[in-house]
C-alpha cells in the first residue's frame, strides 16, 4: 500500500509550472493538512464506513499528533470489526509502534510548512474544528448493537451524514459547493477520480500518496 502523506516541499518539486498559490489552492480543495503534512481526502480513497473511520483517525492525528491503538479501537467499538478497519485505513498513513501501542505518521510533522504558511494552517485548523461533530455523527451511523453485528446503517442516513461532514470541511477551504454536489461526490466513482486535479494525481503518485 502506498504511503498517503506528503510534505509540501516534495509536492512543489514535482509540480512543474505551478505556483505555490496554485498548488496550495488545489491541496486545500482535495487534501487535508495534518501536522503540516498533506493527506488526500478520504473520499478519494474509500467509501462508507472505511471513509468515516479514516476521517475520524485523521481528526485524532490533527488533535493529538499520535494515536493510541487501543483507545482508537475502543472509540470504534460499536462498528463491525474495528480492529480490521483501523489497520486498513491507518497502514498507508502511519506506523504502529508495538512497544507503545501508538500509531505515528509515516513522516514527521512538517514544521517548516507550519511556520511558513500560518494562514493556511489556521484555515485548516478551523476546518477540522468545524467538522469534528459531523465526523463523529457520520461514524455513529455505522454503529450496530452487539446482537446485530451483521447489520449496517440505512444508506440514506449514511450518505446524508457523510455529506454533512464533507460540507463542513469543504466550506472552510473555499469550496462553496451545493449540498447536491457534495452528496454526489461523497462516494468513490470514476467521475470523482477523473475530477481529481491532474497535477495532484501526478504529485501524489510520484511520492507514493495515491
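Quick note: the coordinates plus some simple rules give every number you see, no bench work behind them. Everything numeric in this text was worked out from a predicted model, so none of it was measured. No Cβ is skipped: glycine too gets one built from the backbone with ideal geometry, and neighbour counts run over all protein chains shown.
Overview of values
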item	result
Among 57-69, 32-44, the order from most to least packed when residues are scored by Cβ within 10 Å on average	32-44, 57-69
Cα-based convex hull volume of the stretch 1-135 per residue, rounded to whole Å³	112 Å³
Relative frequency of Cα-Cα separations exceeding 14 Å in the stretch 17-68, percent	58 percent
